[in-house]
Amino acid sequence: MQIRTAGEGDFAGIRAVLNAAFGQAGEAAIVEALRADDADSLELVADHHGQIIGTVMFSPASVHLPGHRILRGLGLGPVAVAPDHQGKGIGSALIEAGLEHFKPYPVAFFCVLGEPEYYTRFGFSPAIERGWTWEADDGSIPEMRQAFQIIVPRDIPAGEGTVCYHPAFGN
């Protein structure tokens, strides 16, 4: 298996993996909208002998802090692995490769909406612990507060903030 940057020839395979992994076309539509808006900051695939078996995308996100201060970061997701290849560490390898790719760059933060037990292994922690919330969190689902997680690789003081994903996630 090889992890590499996605190319246009991979798009059908990526769509198939996303649809199979999520059981519906919503994530594939998000990915295609991000590409159409040139907001796919990094898209990686797991290639197994020419077959796409996994994918991850990083796209622009921002956090709005008091005093009209805005920091630019990246949202992780969607990440997916073909069902017959899950449980083999492919998703983890894709995420680690993506995070490693951005180490030389001044990314203010990474955010993800996902299972806390899974994402803590990469250094994510609940954003609410820093005082950050996600713009779509209206407080009606308490579990959402733990599932919305961040990594802040730079020295940014904790405090109130609202994180916004690219508009493709809202459509």
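Quick note: the coordinates plus some simple rules give every number you see, no bench work behind them. Being a predicted model, the structure only gives us computed values, none of them experimental. Glycine gets a Cβ as well: all are built from the backbone with ideal geometry, and neighbour counts include every protein chain shown.
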Of the candidates Arg35, Arg4, the one satisfying the condition of being out of contact with any Gly (no Cβ under 7 Å at 6 or more places or on another chain) and part of a helix (DSSP H, G or I) is Arg35
So which strands (runs of 3 or more DSSP E) are wholly in region 54-144 and hold at least 3 residues that are more than 14 Å from the chain's Cα centre (by Cα)? 69-81
From Ala80, Ala61, which residue is touching a Lys or Arg at 6+ places or on another chain (Cβ under 8 Å) and crowded, with 22+ Cβ neighbours inside 10 Å? Ala61
Within region 123-145, how many residues turn out to be out of contact with any strand residue (DSSP E or B) (no Cβ under 7 Å at 6 or more places or on another chain), at negative phi and of a type outside the set (A, V, I, L, M)? 5
Subset tally (residues that are aliphatic (A, V, I, L, M) and either touching a His at 6+ places or on another chain (Cβ under 7 Å) or over 25 Å from Gly26 (Cβ atoms) (or both)) for region 62-104: 3
Picking from Ala36, Ala61, Ala25, Ala12, which residue would you name as being touching a residue at least 12 places away in the same chain (Cβ under 8 Å) and small (Gly, Ala, Ser)? Ala61
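Does any residue of region 91-106 turn out to be closer than 26 Å to Ala12 by Cβ, among the charged types (D, E, K, R) and either out of contact with any helix residue (DSSP H, G or I) (no Cβ under 8 Å at 6 or more places or on another chain) or surrounded by 20 or more Cβ atoms within 10 Å (Cβ to Cβ) (or both)?
No - not one qualifying residue is present in region 91-106.
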Say we look at region 1-27 and pick out the residues that are of a type in the set (A, V, I, L, M) and more than 20 Å from Ser92 (Cα to Cα); which of these is surrounded by the most Cβ atoms within 10 Å (Cβ to Cβ)? Ala25
Quick one: in region 145-155, of everything that is outside any helix (DSSP H, G or I) and surrounded by fewer than 16 Cβ atoms within 10 Å (Cβ to Cβ), which residue is nearest to the chain's Cα centre (by Cα)? Arg154
